[in-house]
1. What residue among SER11, SER51, SER33 shows peak mean-square fluctuation when the chain is described by a Gaussian network model with Cα springs under 10 Å?
2. What relative contact order, as a whole-number percentage, does the chain give when Cα pairs under 8 Å and 6 or more residues apart are counted?
3. GluC sites (Glu not before Pro), restricted to the chain: which are DSSP loop and have at most 12 other Cβ atoms within 10 Å?
4. For the chain, which chymotrypsin sites (Phe, Trp or Tyr not before Pro) are in a loop by DSSP, counting at most 11 other Cβ atoms within 10 Å?
5. At most 16 other Cβ atoms within 10 Å and a DSSP loop assignment: could you name the trypsin sites (Lys or Arg not before Pro) in the chain that fit?
6. Quick check on the chain: helices-only [θ] at 222 nm, where DSSP H runs of length 4 and up contribute -39,500 (n - 2.57) each and the sum goes over total residues. Nearest 500, please.
Amino acid sequence: HKEYTWQHTLSDITMALLNAGLVLEEFREYDYSPYNCWPNMEEKAPGKFRSKLLPGVPHLFSLKMRG
């Protein structure tokens, strides 16, 4: 099967939303992934996979915006 991935920087995403006129209310980072997506991940809680090699490194982020 084919797999497609892409990488966007936090600034690319945030600036696109700000330039569209939205206002940032909240930004959060999370040190887990809901997927076992890399080698050396371990499930610390149901649905929360963390890197054994890079503990504390963010895997997800969320933005709360308002228009």
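Throughout, read-outs are computed from the coordinates displayed, never taken from laboratory work. Nothing here was measured: the structure is a model prediction, and the numbers come from that model. Here Cβ is always computed from backbone atoms with ideal geometry, including for glycine, and neighbour counts include all displayed protein chains.
1. Comparing SER11, SER51, SER33 in a Gaussian network model of the chain, the most mobile one is SER11.
2. Relative contact order of the chain: 37 percent.
3. GLU3
4. Here the sparse-neighbourhood loop sites are TYR4, TRP6, TYR35.
5. LYS2, LYS52
6. Dividing the helical sum by the residues of the chain leaves -4500 deg cm²/dmol.
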